[in-house]
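Mind looking over this structure? Questions follow.
The values are calculated or read from the model by the stated rules, or taken from the named source; none is laboratory data. Source: prediction; values computed, not measured. With ideal geometry, Cβ positions are generated from the backbone for all residues, glycine too; neighbour counts draw on all protein chains shown. Accessible surface is based on the protein model in full, side chains and every heavy atom, while ligands, DNA and RNA are left aside. Shrake-Rupley method; radii C 1.70, N 1.55, O 1.52, S 1.80 Å.
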Amino acid sequence: ILYFSLNQKDERLSNPKVIEAFKYLVDYEGMSQSFLRGQYTVHQAFLPLTYLGELKEKPYSLNLEKAKALLAEAGYADGFDVQIYVRTDPQRLEVAQALQQVWAQVGIKAELVTGTGKQILTQYRARQHQIYLGAWGPDYPDPHTNADTFAHNTDNSDEAGLTGKLAWRNAWEIPAMTKATEAAVLEKDSDKRAEMYRTIQREHQQTSPFVVMFQQIIQTAERDNVSGLRTG
């Protein structure tokens, strides 16, 4: 899952109108049909497609006018300066530069802070970033693997050190969603459980400081004399 996230310690980036504006400041289709073509598909929920509770809804698209209006409502009609933390990977740098160009059109001047994966992750895990651009892959084939990091934060204090939780890294305090995530992992009825995750993801799409953009496409080749191959 390729996403960027807004550190909620930053007063500007914790404004709900600003958070919503950023979701309209991504050229999802433009990137997926150009330099990301065949590598990523547009996806806007934290569970990957094919997972229990997958959410295929894509409520956001590039809309500069709507973003401008939201920024004005938040008191940032002229935009602001911000930093994007991104590792020096050619593909991620291209995404960061594409975001940078779009944001400039509404007055948001983004500086790219680059470094090795270790350098950038160290800043991210210490909650010292402003905006982080990166990817997250599930650890096991159950929805809790991603819900646990994107929608679960039991202690938002710096001392908690919950570095494995992306919600914590972005200082996003979510007691109600945390309880919903804990309830979903314990539900034994698969249909009910799937619907619980869809409900969490819809709220996450609307309110979270995460802008989920794409899901990676992995190509697998097989010979004509191979059948029944399943990757996972």
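For the chain, modelled as a Gaussian network with Cα springs under 10 Å, which listed residue fluctuates most, Q201, Q91, Q215?
Of Q201, Q91, Q215, the most mobile in the Gaussian network model is Q91.
What size of dipole, in debye to the nearest 20, comes out for segment 102-232 about its Cα centre when the only charges are +1 on Lys and Arg C-beta atoms and -1 on Asp and Glu C-beta atoms? List each step's numbers first, then the result.
Values: 14 positive and 16 negative charges, 59 e Å.
Computed charge dipole of segment 102-232: roughly 280 debye.
Roughly how much of E222 is accessible, in Å² to the nearest 10, using a 1.4 Å probe?
100 Å²
From the protein chains alone at 1.4 Å, what is the descending order of accessible area for F35, F150, largest first?
Heavy-atom accessible area, descending, gives F35, F150.
Okay, next question. Could you give the radius of gyration (one decimal) and Dmax (whole number) of the Cα atoms in segment 1-138, in Å?
In Å, with Rg to one decimal and Dmax whole: 14.8, 42.
Run the numbers for S34 and Q216: contour at 0.36 nm per residue of separation, minus the present Cα-Cα distance, in nm. Walk me through the numbers on the way to the answer.
Details: separation 182, 0.36 × 182 = 65.52 nm, distance 1.45 nm.
So the chain would gain 64.1 nm between S34 and Q216.
Nearest 5 percent is fine: what portion of the DSSP beta bridges confined to the chain is antiparallel?
Numbers: 12 of 21 bridges.
Expressed as a percentage, antiparallel bridges in the chain total about 55.
Once you've got the GNM for the chain with C-alpha springs shorter than 10 Å, pick whichever of Y40, Y51, Y76 has the biggest mean-square fluctuation.
Ranking Y40, Y51, Y76 by mean-square fluctuation puts Y51 first.
Give me the accessible area per residue for the chain, probe 1.4 Å, as a whole number in Å².
About 50 Å² of surface per residue is accessible.
Let me ask something additional. Evaluate the charge dipole of segment 47-151 about its Cα centre and quote only its size in Debye, nearest 20, assuming +1 on the Cβ of each Lys and Arg and -1 on the Cβ of each Asp and Glu.
Dipole about the Cα centre, nearest 20: 200 debye.
Another one. Taking all protein chains in place and a 1.4 Å probe, what share, in percent, of the accessible surface of the chain do carbon and sulfur account for? The partial results should precede the final answer.
Working: 5380 of 11610 Å².
Ligands and nucleic acids excluded, carbon and sulfur give 46 percent.
Output the Cα-based Rg and Dmax of segment 97-218 in Å, rounding Rg to one decimal and Dmax to a whole number.
Final numbers for Rg and Dmax: 16.0, 49 Å.
Decide, for the chain, between rounded, prolate and oblate: order the square roots of the alpha carbon gyration tensor eigenvalues as a ≥ b ≥ c, take rounded if a/c falls under 1.5, and otherwise choose prolate if a/b is larger than b/c, else oblate.
Oblate.
Here's another thing I want to ask about it. Only sites in a loop by DSSP and with at most 12 other Cβ atoms within 10 Å count here; which GluC sites (Glu not before Pro) in segment 15-86 make the cut?
Taking segment 15-86 and a limit of 12 other Cβ atoms within 10 Å, the loop GluC sites (Glu not before Pro) found are E57.
Given the options R37, R92, R127, state which has the largest fluctuation in a GNM of the chain using a 10 Å cut-off (strictly under) for Cα springs.
In this elastic network of the chain, the residue with the biggest mean-square fluctuation among R37, R92, R127 is R37.
Could you sort D27, D10, D81, D224 by their accessible area in this structure, using a 1.4 Å probe and putting the largest first? All intermediate terms of the calculation are to be shown ahead of the outcome.
Details: D27 60, D10 25, D81 100, D224 165 Å².
Sorted descending by solvent-accessible area, the residues read D224, D81, D27, D10.
Let me ask something else. Tally Lys/Arg at +1 and Asp/Glu at -1 over every other residue whose Cβ is under 13 Å from the Cβ of V211; what's the total?
Within the 13 Å Cβ shell, the charges total 0.
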